[in-house]
Amino acid sequence: MIAAIAANNKRNRRKHSTKSGEEAPSRQHSVYQWISTAPGMELSEIQPVEVANLYGMPASEFRAYLERELHSEQNIMSLPWAILSVVLYALVLLSHEGVNQSNSLISAIDYDIVANANFAFSDPLFMGHKNYEDVNSFADFWSWMNKGFIPLTMQSQHATSESSGLSIGDLSRRDRKRYLWHHLTVGPTKLSQGLADEIRCPNEHVANVYSIKCTTERGIDLEQHPVKIQAEQGSFVEDIPKTRWLYNASQASTLLAQLEAERWLDQRTNHIKVSKMTYNAASDLLLTTHVNFFFGRSGRIWKLLSHEAMRLKPYQDIASYVWDVLFYTQVTLLFVFEAKDLCSATFQSKGHVLQGLKSYAGIWNLVDWLFIIASYIVLGLWIGRAMNVEDVERMVMASGDLEGCPSAACEEYYSALFARVEDAGQFVMHTKVFNAVVPLIIMLRMFKAFSAQPRLALVTETLRKAWTNLAHYLIVFGAIFASYACMGVAFFGRQSSSFATLDRAIPTMFLMMLGGFDFADLEISGRGYAFFFFATFMFLIVLVMLSMLIAIIMDVYVEVKAISKSSESLFLEAKNTVRRGIQNWQKKRISLHKITPVLCVDDNKLLRMEHLLDSSNIYYVPGLSEAQAQRLLSEAARMWSFKHALAVKPGDIKKFVDDTFKALTPFVRFSAVAAKTALSEEDENRDPADRSRSGLMESGSDDETADWDKGPSPEAAGRTEISVDQLAMQVPLQTLLRAAEMKISMGDPRAGLGCRLPSWPGSKELLSQVVSTAQTICSDFLHRAAV
């Protein structure tokens, strides 16, 4: 079989040889540079199978193809694993967090406090006109507590309809602990206070004259409206001696009156927190609700509702265990595979650990290790969280047996319970950062799988190739955007809270850039200022800069998309991967891992099928079938042609040649004028018939012999009255081709030839080949004519 293949290849290659005794010049093929072709055949099409059978592939290129196939196969295989990671992690997160149930409970309690905890009632006590958002003074706070919050959360009698006159009776002890029908109140309501720190006044002279003491906020910035996350994670420093506990309606009313009389609130009050703990059995959620009142140094009282929610039973059903086991089994398998690859790279470096690590290091391996580390960190946090919640559950269950409250023992126990719940709640809040990081890393792992498939890697490849232009663009964009941020603070900062600081102005302008703006908010500072800022911002940022960003990305995207069209689709690659797996299992092919090491003998060797199948050859691959060898060599040649072929069509070539002829017009005109000038010296010694046979024009002057590269002046060209075609007939073809070759050697054909030629890839190379082939044909024709 080997002998038959070799004989057939030899017979086919003989067809491309010249006759005996002839020594025709050889040319390099335009795509397969290692193949020598006859003159004029540089652009001829050669099938990949023909390359594999007749000419072969360089060993280095064949090995590179196999390595790319192995890398692509590994990444394609990792795509289902990456998708499975997303699915499993989503199931793990949803089964543990109870996000939907938490949001439902928090929304219900928030609505009840905002809508129903009212004060400022009108007679006969049917309608409260204010809620907690209207607490703007110490007196408002006491009114809200007495008339709104306590009657809402500590009911002692069954509620009846308005003006009914009914008295259903008192609530039982168990029913008094119920809140919103389905919530159980755990312990008393906690009323705590944080004090501001005294500081040195900026202007002590004025402060001393009026005996003013200056204080500052502690734990949270109150110059602008705080957000909920600041209240939930802010450093609230409780003044323990001022903490009070409200057990029931009657005790709470007495205590609140006493606190108001004692001036429990004063100038140093910085933060009041009214905390209520409830348990919802249907969702197994322990929820602590905090009504926060922040007393800013501006004199304004900011109001916020914050919460801490946690499940007391971490695993609700068997599915929660299943998702955890499946997800961390996948993470552990990935850890084993990556550790194996790392050890293999270190072993192959023959003791040079740093060299082995360098060969193993890569952005995608780093992403895999980040995923492994982040996943195990989340596991550790989850174990710590489960232990914290277990302690909270034990304390909540024990609180139901407390008796004799209110008492010092009860206050001590509930102080420990609230502190433990708050610590556990803070732990839960901080774990959400890592819970959010893991999906981000999984997304990067999916990009790793996408990178092996050109049609999936359009986004990442576009950003990679456009990164340099994007970096320069972002410098310009950042400078303009920062300037407008400063301008916005200067124009609107005093009247609009959205522009009060730079960290508020920047997100506000990003929203404006995307269409979310409130022009009426800007008009407060003056319509002229608002219009100038808004109009120039929209023009420069939205119309100009964003359009340029799209242009930069789309310019590279078109190029990347054109390259990806020649690649295999995801479905075809998946089909090939499955086919290889089945054939490996059936022993019909060998793995590519066994072929790659054999090709490291000589990178310049042209490998053909007989080299891989002949057992006496150093490139012999045991177990490699003829079908697999031909398929691999043909595919390697085909992928090479996709990568190096000129992206042109026959119509493009014709147009390019036409444009080239037009570009050589200045030289043609100069040649005609130069020929006329040279022959005019002999004109006196020649008769008119000879001059007419010279084919030159009857008018002109020596001034027309201008710089040949620029061509004659328009006036000279007008006087010649000879068309380009007529001039081309007068200039020798070899001279014209030589001029084209000189022009091409100058560099870019668009600059060298003096006109705008097509800008598709390989235009210069194609023109060189066209001119070279034309010169060869012309020389061959003249040689044959002379013979």
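Of Lys242, Lys432, Lys147, Lys587, which has the most accessible area with a 1.4 Å probe, and how do the rest follow in descending order? Mind showing how you got there, number by number?
On the way: Lys242 40, Lys432 95, Lys147 125, Lys587 170 Å².
Sorted descending by solvent-accessible area, the residues read Lys587, Lys147, Lys432, Lys242.
Multiply the residue gap between Asp341 and Val476 by 0.36 nm, knock off their C-alpha separation, and tell me the result in nm, one decimal place. Kindly include the intermediate steps, with their values, before the conclusion.
Numbers: separation 135, 0.36 × 135 = 48.60 nm, distance 4.31 nm.
Once the chain is fully extended between Asp341 and Val476, it gains 44.3 nm.
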* **Amide H within-cut-off set for Arg178, under 5 Å, with H built and near neighbours excluded** => Thr185
* To do: Mind checking which of Val558, Gln495, Ala485 is farthest towards the positive end of the stretch 474-558's charge dipole, using Cβ charges of +1 (Lys, Arg) and -1 (Asp, Glu) about the Cα centre?
  => Gln495
* Applying the Karplus parametrisation 6.51 cos²θ - 1.76 cosθ + 1.60 with θ = phi - 60° to the phi angles of the stretch 104-113, what ³J(HN,Hα) value in whole Hz is obtained for each residue in order, glycine and proline being reported as x? -> 5, 5, 5, 5, 5, 5, 4, 5, 5, 5
* **Carbon + sulfur, % of accessible area of the stretch 191-241 - ligands and nucleic acids excluded, 1.4 Å** => 52 percent
* Debye, to nearest 20: dipole size of the stretch 47-155, +1 on Lys, Arg Cβ, -1 on Asp, Glu Cβ -> 180 debye
* Farthest toward positive dipole pole in the stretch 353-473 [+1 Lys/Arg, -1 Asp/Glu at C-beta], among Met395, Ile442, Ala466 -> Ala466
* Tell me which residues come under 5 Å, amide H to amide H, from Leu171 once H is placed; ignore anything under 5 positions away on its chain. => Gln157, His158
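Keeping every protein chain in place, order Thr216, Thr289 by accessible area at 1.4 Å, biggest value first, i.e. largest first.
Numbers: Thr216 45, Thr289 10 Å².
These residues rank, largest area first, as Thr216, Thr289.
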* **Cα centre as origin, Lys/Arg/Asp/Glu Cβ charges: the stretch 168-216 dipole, Debye** => 460 debye
* To do: Using the Cα centre as the reference, give the magnitude of the dipole from point charges on the C-beta atoms of the stretch 200-342 (Lys, Arg: +1; Asp, Glu: -1; all else neutral), rounded to the nearest 20 debye.
  => 560 debye
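Give me the accessible area per residue for the stretch 455-515, probe 1.4 Å, as a whole number in Å².
Details: 3470 Å² over 61 residues.
Per residue, the stretch 455-515 has an accessible area of 57 Å².
If you take the beta carbon distance between Asn203 and Gln495 as r and set R0 to 30 Å, what does 1/(1 + (r/R0)^6) give as a FRET efficiency, to the nearest 0.05? Could the numbers behind the result be given before it?
Working: r = 25 Å, r/R0 = 0.84.
Result of the calculation: an efficiency of 0.75.
Return one whole number: the accessible area per residue of the stretch 157-202 in Å², for a 1.4 Å probe.
Spelled out: the 1.4 Å probe surface of the stretch 157-202, per residue, equals 69 Å².
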* Asked: Extension gain Ser615-Leu70, at 0.36 nm per residue separation less the Cα-Cα distance, in nm?
  -> 193.7 nm
* Would you calculate the separation in nanometres between label points at Gln355 and Thr577, each defined as 7 Å from the Cα along the Cα-to-beta-carbon direction? => 3.3 nm
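Can you give me the % of accessible surface on the stretch 275-348 that is carbon or sulfur? Probe 1.4 Å, all protein chains present, nothing else counted. Numbers along the way, then the final one.
Numbers: 2180 of 3210 Å².
Carbon-and-sulfur percentage of accessible area, whole number: 68.
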* Asked: Quick one: Karplus J couplings for the stretch 93-102, per residue in order, coefficients 6.51, -1.76, 1.60, θ = phi - 60°, nearest Hz, x for Gly and Pro?
  -> 5, 5, 6, 9, 7, x, 4, 5, 5, 4
* Structure fact -> Per the rule of 0.36 nm per residue minus the C-alpha distance, extending His225 to Asn103 adds in nm 41.6 nm
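Quick check: at a probe of 1.4 Å, how many percent of the accessible area of the stretch 116-184 sits on carbon and sulfur atoms?
So the carbon and sulfur contribution to the accessible surface is 51 percent.
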* Asked: Ranked by accessible surface with a 1.4 Å probe, highest first, in what order do Phe450, Phe531, Phe418 come?
  -> Phe531, Phe450, Phe418
* Structure fact -> Given a Förster distance of 41 Å, the FRET efficiency implied by the Cβ-Cβ spacing of Met443 and Ser298, rounded to the nearest 0.05, works out to 0.45
* **In Å², nearest 10: area of Arg504 left accessible to a 1.4 Å probe** => 70 Å²
* Asked: Nearest 0.05, what FRET efficiency do Tyr315 and Ile212 give at R0 = 60 Å with Cβ-Cβ as r?
  -> 0.55
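The values are calculated or read from the model by the stated rules, or taken from the named source; none is laboratory data. None of these values were measured; they are calculated from a predicted model. No Cβ is skipped: glycine too gets one built from the backbone with ideal geometry, and neighbour counts run over all protein chains shown. SASA here: full protein model, heavy atoms, side chains in, ligands and nucleic acids out. Shrake-Rupley method; radii C 1.70, N 1.55, O 1.52, S 1.80 Å.
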